[in-house]
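Here's the structure we're looking at; comments come further down.
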Amino acid sequence: ASNFAAAGPQRRSLLFIAFGAEEIGLLGSRHYVREPTVPLTNIRAMLNLDMIGRLYGEDVQMYYSEEDRKLGRIVRRAARQQGLRLKRTNQFIGRSDHAPFERAGVSVMFAFSGMHPDYHRPTDDWEFIDVGGATDIANAIQQIAYELANDRGPRDR
């Protein structure tokens, strides 16, 4: 968010949100979709970063709306330019904060570095974070957001 603020205005506005209560039913993201601060029809895409801290040289798992071919091209290009190996996944299609947006017709992208033994456990702590891998994923997401924020064309469906 600070990088975008420093870069100045983009063609489209960017909204950065941290949702709560994902683990107990996507309560925060479901609430936002029911009562958005901007019309959902004005949202180009929802980019969801969920557990991106344990890449350790593995493939970054990404889900993105199949019908939005332009988003898919942008995602694949950004991953390639960051040197990330991309694995398209449907594993968590309805279990993270992007799901309510997609059900409401908003294109989504979900990035995930994979399951691990500490998933949803108190042992999942900061010292296990792969800082380099998380940075590569965050840089790819920043590139995706920048392209979407400055794209002049409609969704390519």
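Details
- Test result for residue 6, open to solvent by 80 Å² or more (accessible area, probe 1.4 Å), under 27 Å from residue 131 (Cβ atoms), of a type in the set (A, V, I, L, M, F, W, C) and more than 16 Å from the chain's Cα centre (by Cα): yes
- The residues in region 91-133 that are under 29 Å from residue 42 (Cα atoms), surrounded by fewer than 18 Cβ atoms within 10 Å (Cβ to Cβ) and of a type in the set (Gly, Ala, Ser) can be counted, and the count is 3.
- Scope region 59-114; condition within 27 Å of residue 21 (Cα to Cα), out of contact with any Leu (no Cβ under 9 Å at 6 or more places or on another chain) and at pLDDT 90 or above; matching residues: 102, 103
- The single condition among (1) open to solvent by less than 70 Å² (accessible area, probe 1.4 Å); (2) free of Cβ contacts under 8 Å to residues at least 12 places away in the same chain; (3) more than 17 Å from residue 145 (Cβ to Cβ); (4) not basic (Lys, Arg) that residue 72 does not satisfy is (3).
- Residue 18 falls short on exactly one of the conditions (1) touching a helix residue (DSSP H, G or I) at 6+ places or on another chain (Cβ under 9 Å); (2) closer than 20 Å to residue 151 by Cβ; (3) of a type in the set (A, V, I, L, M), and that condition is (2).
- Some residue of region 46-69 being farther than 28 Å from residue 131 by Cα, open to solvent by 80 Å² or more (accessible area, probe 1.4 Å) and touching a residue at least 40 places away in the same chain (Cβ under 8 Å): yes
- Test for residue 47: is it touching a helix residue (DSSP H, G or I) at 6+ places or on another chain (Cβ under 7 Å) and closer than 20 Å to residue 96 by Cα: yes
- Residue selected from region 11-35 under the condition among the β-branched types (Val, Ile, Thr) and in a loop (DSSP other than H, G, I, E, B), by the criterion least open to solvent (accessible area, probe 1.4 Å): 17
The values are calculated or read from the model by the stated rules, or taken from the named source; none is laboratory data. Remember, it's a predicted structure, so these values are computed and weren't measured experimentally. Note that each Cβ is placed from the backbone with ideal geometry, even for glycine, and that neighbours are counted across all protein chains shown. Areas reflect the complete protein model, heavy atoms only, side chains present, ligands, DNA and RNA absent. Shrake-Rupley method; radii C 1.70, N 1.55, O 1.52, S 1.80 Å.
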